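Engineer: The structure follows.
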Amino acid sequence: MPVKLDNNYDLSGYVIILTGATDGIGKDMARILAGFNPKRLILPVRNKEKGNILLEYIKSSNGHAKN
């Protein structure tokens, strides 16, 4: 069951580093956090291909991702 979150969160003053974002819970957490407009969302990855897939996933979900 999806968790409903208020859109009242403003992370524009925060830099967030999230590890484990290429799969599973981390992938959806990255998508959710990107939607709350953080100052910067850093997603370190070991596999560049998975990182690019994650970037496209976030862009297609909410359009807030940049390289």
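Engineer: Inverting the mean 1/r over all pairs of different Cα atoms, compute the Kirkwood radius of segment 15-61 and quote it in Å.
Structural biologist: Working: mean 1/r = 0.0958 Å⁻¹.
After inverting the pairwise mean of 1/r, the radius is 10.4 Å.
Engineer: Using the Cβ atoms and a cut-off under 12 Å, what net charge is assigned to the surroundings of Asp23, where Lys and Arg are +1 and Asp and Glu are -1? Numbers along the way, then the final one.
Structural biologist: Details: positive: Lys27, Arg46, Lys50; negative: Asp28.
Counting the neighbours of Asp23, the net charge comes to +2.
Engineer: Under 5 Å between amide hydrogens, which residues at least 5 positions from Leu41 or on another chain qualify, with H placed 1.01 Å from N in the peptide plane?
Structural biologist: Ile16
No value in this document is a laboratory result; all are computed from the given coordinates. Nothing here was measured: the structure is a model prediction, and the numbers come from that model. Cβ atoms come from the backbone with ideal geometry, glycine included; neighbour counts cover every protein chain shown.
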